[in-house]
Amino acid sequence: MKADREDEALSERRLWKAIAAFVSWLDHEGVESYDPYDLWGTRYGILARRLYYSKSVWGIPLVAPLVAAEALVPGIRGLFVRKERFATAEAQLIQGFLNLYAYTKEKTYLRKAETSASSLLELSIPGYSGHCWGYPFDWQNNRGLWARNTPFITSTPYCFEAYLGVADATGVQKHLDVAASIARFVAHDLRDSTISAEASAGSYSPNDHTQVINASAYRAFVLFEAWRRFQIDEYRDIAHRNLRFILDSQREDGSWLYALENPIEAFIDHFHTCFVIKNLQKLNGVAGSAAIVRAIEKGWDFYRRALFHDDETPKSFAIEPRTQLARVEMYNFAEAITLGTLLKDSIPDAFALARRLARRAIRDYQLADGHFVTRAYRGGLRHTTPFLRWPQAQMFLALTNVLRALDCHEQGLERSVS
């Protein structure tokens with residue numbers, strides 16, 4: 001037991017040093033950042049992807065230079081695009097600072113979270129039932145073009161959690177009011193596609209009728225939590241229908257496809273699987289369902305079996321839909337660490353895995369200035385241009401989740417992680 005405690009203490013010190021180095025890097029660099037999708041949002045990038053998805057003979061020749069640039073000279077994007085702010089990243093930074101405040105009780109971190117929460121409102125997209133957020137670039141995918149500043153359910157929930165966290169830490173009503181406003185957007189502006197008498201799929205944005213599993217998982221989490229906080233029964237009713245869709249969509253082996261209605265999106269990947277399981281775990285704190293527990297356990301078993309290499313490096317896909325140039329995607333690392341920490345008290349080996357992955361991320365992939373490698377390609381080439389939305393903010397949040405969980409374990413407390 002003593003050796004275990006000493007190992008845990010060492011891990012805690014190592015985590016703290018890594019987190020402090022990242023915060024120092026962030027203080028120097030600021031929150032404006034390039035992004036892995038920004039070149040694809042240029043006129044050339046949009047055209048290239050449109051032709052690629054339409055299976056034009058010009059698709060691959062036009063896509064190839066951008067793929068090569070990302071791998072070989074990612075910094076070249078500075079000639080074509082400018083740095084932007086990303087709501088998802090800033091919301092995750094807020095949650096990380098709140099974790100540091102809970103761990104240290106130092107007001108510095110609470111002030112960072114409060115200041116960031118105020119500036120995050122500048123990125124909120126007007127014209128909807130409540131506050132909402134998306135991406136500052138055009139996004140061409142196999143469904144068509146989604147214009148910049150289209151609000152997404154995959155972005156907005158991080159802001160919802162951030163404002164709830166700041167409200168809980170400060171007791172300031174205005175932050176809770178923002179969270180209530182976000183819930184109105186999630187309930188009223190997203191669309192439902194009826195799947196059965198009891199199930200509906202929530203849309204990705206206000207402009208589509210997709211059946212993306214993780215989109216419904218994010219929506220169900222937000223609305224269950226909003227029902228708990230604000231006691232609006234409509235939220236609970238919508239959440240139950242989205243939850244039923246998620247549970248019914250789980251396959252016999254425990255997996256979830258990315259989406260159901262689009263054959264091109266019938267793949268199973270790492271971080272979207274994490275999104276589904278972590279949202280189920282969070283919302284079950286409100287729903288309290290044995291069926292959700294079974295889905296989480298079944299999903300975790302598949303996740304561990306199919307989405308890791310033998311050396312515990314996260315795999316991007318259960319079955320690769322095409323040749324993958326990257327061997328290590330640090331976004332996967334970050335989401336695996338957060339998921340394992342979240343499941344600490346539910347899945348026996350989850351937190352141990354999170355700790356092992358955190359140690360590897362720090363030892364092998366944190367750079368001298370404090371930020372993390374973006375990805376490592378086959379053959380050893382490393383992509384070190386930092387993107388705050390992918391995976392710098394996620395790694396910061398993941399490591400602060402582990403730090404806080406270790407602190408809770410030592411004190412014998414029960415605290416939740418984001």
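The values are calculated or read from the model by the stated rules, or taken from the named source; none is laboratory data. No experiment lies behind these values; they were computed from the predicted model shown. Note that we place each Cβ from the backbone using ideal geometry, even for glycine, and neighbour counts take in every protein chain shown. These accessible areas exclude ligands, DNA and RNA; they are computed on the full protein's heavy atoms, side chains included. Shrake-Rupley method; radii C 1.70, N 1.55, O 1.52, S 1.80 Å.
So here's what we get for this one:
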{"read-out": "Filtered residues of the stretch 227-274 (kept if among the charged types (D, E, K, R), over 19 Å from the mean Cα position of the chain (by Cα) and modelled with pLDDT under 95)", "value": "Glu261"}
{"read-out": "Residue within the stretch 367-384 that is within 17 Å of Ile19 (Cβ to Cβ) and in a helix (DSSP H, G or I) present", "value": "no"}
{"read-out": "Of the criteria (1) part of a helix (DSSP H, G or I); (2) more than 18 Å from the chain's Cα centre (by Cα); (3) aliphatic (A, V, I, L, M), which one Ile125 fails", "value": "(1)"}
{"read-out": "Residue identified as farther than 25 Å from Leu120 by Cα, among the basic types (Lys, Arg) and either in contact with a Leu (Cβ under 9 Å, 6 or more places away or on another chain) or not in a helix (DSSP H, G or I) (or both) among Arg244, Arg236", "value": "Arg236"}
{"read-out": "Qualifying residue in the stretch 213-229 (condition: surrounded by fewer than 18 Cβ atoms within 10 Å (Cβ to Cβ) and closer than 25 Å to Gln95 by Cα)", "value": "yes"}
{"read-out": "Answer residue from the stretch 98-107, given it is open to solvent by 30 Å² or more (accessible area, probe 1.4 Å) and in a helix (DSSP H, G or I) and is nearest to Phe160 (Cα to Cα) among those", "value": "Tyr101"}
{"read-out": "Residue check, Val166 touching a Leu at 6+ places or on another chain (Cβ under 8 Å), surrounded by 14 or more Cβ atoms within 10 Å (Cβ to Cβ) and not in a helix (DSSP H, G or I)", "value": "no"}
{"read-out": "Check on Gly299, of a type outside the set (Val, Ile, Thr), part of a helix (DSSP H, G or I), over 18 Å from the mean Cα position of the chain (by Cα) and under 20 Å from Leu243 (Cα atoms)", "value": "no"}
{"read-out": "Residue check, Ser289 farther than 27 Å from Ala393 by Cα and either crowded, with 22+ Cβ neighbours inside 10 Å or among the polar types (S, T, N, Q) (or both)", "value": "yes"}
{"read-out": "Test for Ala102: is it farther than 22 Å from Val373 by Cβ, touching a residue at least 60 places away in the same chain (Cβ under 8 Å) and in contact with a Cys (Cβ under 6 Å, 6 or more places away or on another chain)", "value": "no"}
{"read-out": "Search result, residues across the stretch 11-63 that are surrounded by fewer than 16 Cβ atoms within 10 Å (Cβ to Cβ) and of a type in the set (Ser, Thr, Tyr)", "value": "Ser24, Tyr44, Ser54, Ser56"}
{"read-out": "Single residue of Gln324, Gln250, Gln281, Gln231 found to be closer than 23 Å to Ser155 by Cβ and polar (S, T, N, Q)", "value": "Gln281"}
{"read-out": "Residues of the stretch 260-293 classified as within 24 Å of Ala226 (Cα to Cα) and either basic (Lys, Arg) or in a helix (DSSP H, G or I) (or both), total", "value": "20"}
{"read-out": "Test: His209 is assigned to a helix (DSSP H, G or I) and surrounded by fewer than 23 Cβ atoms within 10 Å (Cβ to Cβ)", "value": "no"}
{"read-out": "Criterion: assigned to a helix (DSSP H, G or I) and of a type in the set (S, T, N, Q) - qualifying residue of Gln95, Gln140", "value": "Gln95"}
{"read-out": "Members of the stretch 307-328 found to be of a type outside the set (D, E, K, R), in contact with a Phe, Trp or Tyr (Cβ under 9 Å, 6 or more places away or on another chain) and either outside any loop (DSSP other than H, G, I, E, B) or open to solvent by less than 60 Å² (accessible area, probe 1.4 Å) (or both), listed by number", "value": "Leu307, Thr313, Pro314, Ser316, Phe317, Ala318, Gln324, Ala326, Val328"}
{"read-out": "Residue list for the stretch 329-357, filter: among the hydrophobic types (A, V, I, L, M, F, W, C), surrounded by 14 or more Cβ atoms within 10 Å (Cβ to Cβ) and part of a helix (DSSP H, G or I)", "value": "Met330, Phe333, Ala334, Ala336, Ile337, Leu339, Leu342, Ala350, Phe351, Leu353, Ala354, Leu357"}
{"read-out": "Unmet requirement for Ala87, which otherwise passes all of (1) under 15 Å from Arg148 (Cβ atoms); (2) open to solvent by 50 Å² or more (accessible area, probe 1.4 Å)", "value": "(2)"}
{"read-out": "Given (1) open to solvent by 50 Å² or more (accessible area, probe 1.4 Å); (2) under 17 Å from Cys132 (Cβ atoms); (3) of a type in the set (Ser, Thr, Tyr), number of the condition Ser203 does not satisfy", "value": "(1)"}
{"read-out": "Any chance Ala9 is out of contact with any Pro (no Cβ under 9 Å at 6 or more places or on another chain) and modelled with pLDDT of 90 or more", "value": "no"}
{"read-out": "Odd one out for Asp349, checked against (1) more than 16 Å from the chain's Cα centre (by Cα); (2) at pLDDT 95 or above", "value": "(2)"}
{"read-out": "Condition met for Leu110 (over 21 Å from Gln392 (Cβ atoms), touching a Ser or Thr at 6+ places or on another chain (Cβ under 9 Å) and part of a helix (DSSP H, G or I))", "value": "yes"}
